[in-house]
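The values are calculated or read from the model by the stated rules, or taken from the named source; none is laboratory data. Keep in mind it's a predicted model, so treat the numbers as computed, not measured. A quick note on method: Cβ atoms are made from the backbone with ideal geometry, for glycine too, and the neighbour counts reach across all protein chains shown.
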Amino acid sequence: MSGSRVAFLGDAMAGVVQAVEEVRTLIGQPPVVVGGLAVLCRLSTTHRATVDLDVVDRLCGTAPHLEVLRAVAGAKAVEPAGVLLPTPYGQVKVDVLEVRQVELDQPSDDPGDRLHAAAHAWANDTATEIAIEVIRSTGDRVEVTTLVAEPGPIIAMKLQAVMNRPAKKQGTDLLDILRLALDDTARAVALAQLATCDASTAADIALHVDLWLVRRRDQAIQRIHGAGGRDLTIDDIDLVAELLLDACERP
């Protein structure tokens, strides 16, 4: 499914794709899609559905994306940085991940905070255009063209996100990382991007890989199995850890 155009079958994701179009119209530009939808767009095969939409805001526009979306009639704020956005297919939760330039100019002492800012800025600045289509059971089509995060930045974002998530979400994040790193299409792209990203970002990525896929590998496989990745093994985690650490190593 990776490429400049992807298509999904069924009704489950119609609302999410329509929400992308709604956000595009409201903010006056294609949003940068991250999270589950970005993962699905970058994999060669679908491994899960997603019902939420995640977008990045570098806060370069006339108004923050979140402020614009929450001002829509019928929208409901969801804390800390989300909104239930009305669409013709029902309400869709949209989370807005903001990155302030000061977070990049004056990096935090905490590697997790640093990676959050750096990974989301990287995702925003390197996102590429993809046409996303859903073919519903009725035969109707929902389609939008927008910017989608690349595999390397997605892995970086997912590694950082694991720390502050409940167990189920941790499993989803870790599963997404392994699927991307093992995917026949996404793997080479992701590793090349990790190998050429900023050295400080690569170092923080390596710290998170070591934490979750090396030191906490037994916990990680339990979380992954709980999220539906029962085909994956400890050996898969070890392989992905090796691939990612090698890609992040600098002379």
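Where in the stretch 1-67 are there strands (runs of 3 or more DSSP E), lying wholly inside it, with at least 3 residues that are surrounded by 15 or more Cβ atoms within 10 Å (Cβ to Cβ)?
Here the list reads 32-34, 53-57.
Those residues that are polar (S, T, N, Q) and closer than 14 Å to residue 92 by Cα, I need them from the stretch 5-52; list them, please.
Correct list: 18, 50.
Counting only helices (runs of 4 or more DSSP H) that sit completely within the stretch 116-203, those holding 3 or more residues that are under 24 Å from residue 241 (Cα atoms) and in contact with a Ser or Thr (Cβ under 9 Å, 6 or more places away or on another chain) correspond to 151-161, 186-196. The number of residues in the stretch 94-144 being surrounded by 16 or more Cβ atoms within 10 Å (Cβ to Cβ), more than 19 Å from residue 36 (Cβ to Cβ) and either of a type in the set (S, T, N, Q) or not assigned by TED's automatic domain parsing to the domain that holds residue 69 (or both) comes to 0. Say whether the condition of being surrounded by fewer than 23 Cβ atoms within 10 Å (Cβ to Cβ), of a type outside the set (Val, Ile, Thr), in a helix (DSSP H, G or I) and in contact with a Pro (Cβ under 6 Å, 6 or more places away or on another chain) is met by at least one residue in the stretch 214-236. No, that holds for no residue.
Can you find even one residue in the stretch 71-82 that is closer than 27 Å to residue 180 by Cβ, in the same structural domain as residue 93 (by TED's automatic domain parsing) and surrounded by fewer than 13 Cβ atoms within 10 Å (Cβ to Cβ)? Checked the stretch 71-82: at least one residue is closer than 27 Å to residue 180 by Cβ, in the same structural domain as residue 93 (by TED's automatic domain parsing) and surrounded by fewer than 13 Cβ atoms within 10 Å (Cβ to Cβ). A single member of 182, 174 is buried (at least 23 other Cβ atoms within 10 Å of the Cβ) and either of a type outside the set (D, E, K, R) or in contact with an Asp or Glu (Cβ under 7 Å, 6 or more places away or on another chain) (or both), and it is 174.
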